[in-house]
Amino acid sequence: MESAKAKTHPQHTPSNAVSATSALTADQETLARETVPLRHHGRTVAAVFLLLVVANLAHSMVTNQNFQWPTVWHYLFFPEIMAGLGRTLILTVVSMTMAIVLGILLAACRLSGNKVLQAVAGAYLWFFRGTPLLIQLIFLYNLSALYPRLGIGVPFGGPELIGGSTNLVLSLWTVALVGLALHESAYMAEIVRGGLLSVPKHQTEAAAALGMNNVMAFGRIILPQALRVIVPPTGNQVIGMLKYSSLVSVIALPDLLYSAQMIYTQTFETIPLLIVVSFWYLLCTSILTLFQQRIERYYGRGVAGQSTTPGRGRILGLGMPRKRVRTTLSSTTAEEG
Amino acid sequence: MATIAHTEHVRDQSDPIVKIVELRKSFGDFEVLKSVNLDVYPGQVVVILGRSGSGKSTMLRCINHLEKPSGGAVLVNGEVVGYRLKGEKLHELRPNEIARQRATTGMVFQSFNLFPHLTVLENLLEAPCRVLRRSPHEVRDEAMKLLTSVGLAEKANVYPSTLSGGQQQRVAIARALVMKPSVMLFDEPTSALDPELVGEVLEVMKELARSGMTMIVVTHEIGFARGVADEVVFMAEGRVAEQGPPSQVIDNPQAEATKTFLRSLNERRDTPVQ
């Protein structure tokens, strides 16, 4: 049948369409065969090469005596290092919390209808995003050179109500926390603003049409949706803050890095101590990343492509399960009848 | 102003639920509503027709103060929306007072506007529990009854993104109804739907009309207007061009604008779909 068709084909069918159909029937046997996936030789070569590099690196880390692994181990849980790690964590948590609160306020100013608030917030962002954090920290540290006294009182040189010498008001910790928070808040403000703007205006209208007041609409409708956009970059900022907080070593606050520096300037065991410090930073960022993923999943609920089954609303299995109203269909249908 | 004062003291059963008086609205230099007067009585279904840009939606949005009128006033249940009459002047209300007024009107939007982060049932519970501070237990039963009546009881615990447009709009209607509004506003409820989903939403609206709900519906569904409306209002250039029962406005239009509009609708319907 097949061969007969193929033979008669040139005389009978001058049109292209018919010849294409007959070609298809002739090929059907071939088309039904097993497929052979394309081999990616380049990928294989690259993988082998990289494996060799990694293996070599691992080998050198074990055999190279300069790593001084026994020293690393010695300092890993050293009291000063532990205290420094604690200070780094406090710096991160406290300054980040301050930055988020300040950032929300700044975002609110930027989005308000008031031109003065908009301009002031804009100028704040312009300054704190436009200068390096390192300079801001040193600047704040040396503020007493600019304003020897700080206090609250009547503006334009009027009497002071409370206050004191700048160096007393701004302790080392205050400088570090305020410095990190002021800088970070400028970035948080933009993240929060972007998140709030990502929620369609229709949502505000729908909430308003149901009689919800501004506070309710913001807290129950707008913010939960904005958080889906706000949380991932905020997670990045927390991880960033954990590392940038090491800049406070320039004002001699003994954080994780500065504690290590104080040891190795005396013992000259620079490399092992930097490994110790890196280990703790890596451990902390890894834990934070894990948290971030859980929180993102939580706030992504109800979005197409993400989990669409309700009831998985717990962050890391901690805390209270989300209040959820369960309704059994049987009970309502029983009522209907 | 005199009209408002008049309605303040004469109130009986025949008073309109919604009274629109000399309503004007401009966006910048563009005057969308020039002067609209309209009374909607309890249990009436009023369908608003008109070309896009004729001010239909803007008028509807003035009724629950989503748009602030530039002049004139809207009264719902005899109360001026968004303002308080004090002496000779209308004083703007605080946002919380406006929110309280909005709770008495239900609105259904073209784009559904369900809350995507809440399940269907939570969408229904949110406003009654928060705004009216009713107990979730009590509201849940009512919400489930409403979901059953729009045929979506089995979808109570899913998120809106898993529903079709028609289903989302039916949930949106239930969400507005659970607040027990005295009037329902529909802003082109079927315009964003695929043609095969329009019917299910119109069916729910017909059922609602039969139950005696006062409804103001902005739509292009002539069939719905003919079958369900007590009153058809045709709007053109920011005014009410013609008003009356469907048999009059749709089948025997008097105003030139109405004739042209209906003719263009018929032509479009007669054009065969390819």
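Results, tabulated for the structure shown:
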read-out: Residue match in the range A:209-222 (condition: within 29 Å of the chain's Cα centre (by Cα) and either under 30 Å from residue A:140 (Cα atoms) or away from chain B (no Cβ under 14 Å) (or both)); value: no
read-out: Leading residue by the ranking (farthest from the chain's Cα centre (by Cα)) among those in the range A:223-250 that are within 14 Å of another protein chain (Cβ to nearest Cβ) and within 30 Å of residue A:175 (Cβ to Cβ); value: A:230
read-out: From the options B:114, B:121, residue that is at pLDDT 95 or above, closer than 24 Å to residue A:227 by Cα and facing chain A (nearest Cβ under 7 Å); value: B:121
read-out: Qualifying residue in the range A:191-201 (condition: basic (Lys, Arg), at the interface with chain B (Cβ under 9 Å from one of its Cβ atoms) and closer than 30 Å to residue A:303 by Cα); value: no
read-out: Test: residue B:111 is crowded, with 21+ Cβ neighbours inside 10 Å and part of a loop (DSSP other than H, G, I, E, B); value: no
read-out: Residue match in the range A:116-133 (condition: among the aliphatic types (A, V, I, L, M) and over 30 Å from residue A:221 (Cβ atoms)); value: yes
read-out: Selected residue (only one of B:175, B:170 is facing chain A (nearest Cβ under 9 Å), crowded, with 21+ Cβ neighbours inside 10 Å and within 30 Å of residue B:41 (Cβ to Cβ)); value: B:175
read-out: Matching residues in the range B:126-167 - criterion: being of a type in the set (S, T, N, Q), more than 10 Å from every other protein chain (Cβ to nearest Cβ) and surrounded by fewer than 17 Cβ atoms within 10 Å (Cβ to Cβ); value: B:135, B:164
read-out: Qualifying position, being more than 30 Å from residue A:254 (Cβ to Cβ) and surrounded by 10 or more Cβ atoms within 10 Å (Cβ to Cβ), among A:32, A:47; value: A:47
read-out: The one condition in (1) within 22 Å of the chain's Cα centre (by Cα); (2) part of a loop (DSSP other than H, G, I, E, B) that residue A:253 fails to fulfil; value: (1)
read-out: Residue list for the range A:77-112, filter: closer than 12 Å to residue A:180 by Cα and either part of a loop (DSSP other than H, G, I, E, B) or of a type in the set (Gly, Ala, Ser) (or both); value: A:95, A:99
read-out: Residues of the range B:100-111 satisfying the condition of being of a type in the set (A, V, I, L, M) and at the interface with another protein chain (Cβ under 8 Å from one of its Cβ atoms); value: B:103, B:107
read-out: Of all residues in the range B:67-81 being within 14 Å of chain A (Cβ to nearest Cβ) and surrounded by 21 or more Cβ atoms within 10 Å (Cβ to Cβ), the one that is nearest to the chain's Cα centre (by Cα); value: B:76
read-out: Pair list, Cβ under 6 Å, 6 or more apart: the range A:195-207 residue among the hydrophobic types (A, V, I, L, M, F, W, C), other residue assigned to a helix (DSSP H, G or I); value: A:196/A:226; A:199/A:222; A:199/A:225; A:199/A:226; A:207/A:217; A:207/A:221
read-out: Output for the range B:53-87, where each listed residue is among the hydrophobic types (A, V, I, L, M, F, W, C) and in contact with a Leu (Cβ under 9 Å, 6 or more places away or on another chain); value: B:59, B:60, B:62, B:63, B:66, B:73, B:74, B:80, B:81
read-out: Residue, farthest from residue B:193 (Cα to Cα), within the range B:82-99, restricted to residues that are within 14 Å of chain A (Cβ to nearest Cβ) and in contact (Cβ under 8 Å) with a residue 24 or more places away in the chain; value: B:98
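The values are calculated or read from the model by the stated rules, or taken from the named source; none is laboratory data. What you are looking at is a predicted structure, and each value in this text was computed from that prediction instead of being measured. Heads up, the Cβs are rebuilt from the backbone with ideal geometry, glycines too, and the neighbour counts pull from every protein chain shown.
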